[in-house]
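Just so you know, all these numbers are worked out from the coordinates, no wet-lab data involved. On a predicted model such as this, the values are computed, not experimentally measured, just so you know. Positions of Cβ are backbone-derived with ideal geometry, glycine not excepted, and every protein chain shown enters the neighbour counts.
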Amino acid sequence: MSEQPQPLDLSAGDEGVEFCRLPLADADATDFQLLLRWWERTRGRRAMPSRAEVDPEHLRPILHRLLIVEVCRNPPDFHYRLAGTQARTIHGIELTGRSVLGLVPRAQGKLMWNDCCEMLRHKQPQHVLLQFTNREGQPRRYRVLRVPLSHDGTQVDHIMVVQDFGVEPRKLAEMYREFRRAEEAARATAAPG
């Protein structure tokens, strides 16, 4: 029997990252509209379309910002199965094959996990604002749109994500580099010997 992923508790060490749910009607970015139109048209009268119906030709303008997350149930996890080139550039690492819990900062991975758990329950698109504070106390933010996919039309097995990094992707990339350096330094300090 497969296990359903469950939401994670956030600890005091998980501050500095916030996810704010936005109304779907405010998902006005051109890339978001493209994905939403594709999702609505492709699902028809079903709750969700399937990953098998994803045609890269129809999504060509957003492929560089597109991610697909697989829902794993034994053990429960969410793994990136596809990550566009801009995600790699911003995050500074290849996300494909990684768990969302491997994201840095860790709070982002936990919040992403919890949003994915919510999507499994509600089976509806999510429009989210991600807000961060970098080491200098400067705010950074970007928006994402997530849509559920299902091979059987009832159980979410993949989540498609398109990211809108706004006008300053370079500053976001710098912020992620800072987070990775701090994480590596903390691991080195905690390592024995």
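Stretched out fully, how many nm does the piece from GLN131 to GLU53 gain, at 0.36 nm a residue minus the Cα gap?
Result: 24.9 nm gained on full extension.
At most 14 other Cβ atoms within 10 Å and a DSSP loop assignment: could you name the GluC sites (Glu not before Pro) in the range 128-193 that fit?
On the way: sites: GLU136, GLU174, GLU178, GLU183, GLU184; in loops: GLU136.
For GluC sites (Glu not before Pro) across the range 128-193 that sit outside H, G, I, E and B with at most 14 neighbouring Cβ atoms in 10 Å, the list reads GLU136.
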Cα-based Rg and Dmax for the range 73-119, where Dmax is the largest Cα-Cα distance (Å): 10.7, 31
Output the direction-averaged projected area (hull surface divided by four) of the convex hull of the alpha-carbon atoms of the chain, in nm². 12.1
Which whole-number value in Å³ per residue fits the convex hull of the alpha carbons of the range 1-93? 170
Angle, helix 169-190 long axis vs. longest principal axis of the chain, Cα atoms, 0 to 90°, nearest 10? 50
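Expected output is a single nm value to one decimal: the length gained when fully extending between ASN74 and ALA190, i.e. 0.36 nm times separation in residues minus the C-alpha distance. What is it? Don't jump to the answer; show the numbers that get you there.
Working: separation 116, 0.36 × 116 = 41.76 nm, distance 3.01 nm.
Separation in residues times 0.36 nm, less the Cα-Cα distance, equals 38.8 nm.
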Alpha carbon centroid spacing (whole Å) that separates the range 62-93 from the range 156-177: 11
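Add +1 for every Lys or Arg and -1 for every Asp or Glu among the other residues with Cβ under 11 Å from the Cβ of TYR142, and state the total. If you can, show how the numbers build up before the last one.
Working: positive: ARG65, ARG140, ARG141, ARG143, LYS171; negative: ASP164, GLU168.
Net charge in that neighbourhood comes out at +3.
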What number comes out for the charge environment of ARG73, summing +1 per Lys or Arg and -1 per Asp or Glu over other residues with Cβ under 11 Å away? -4
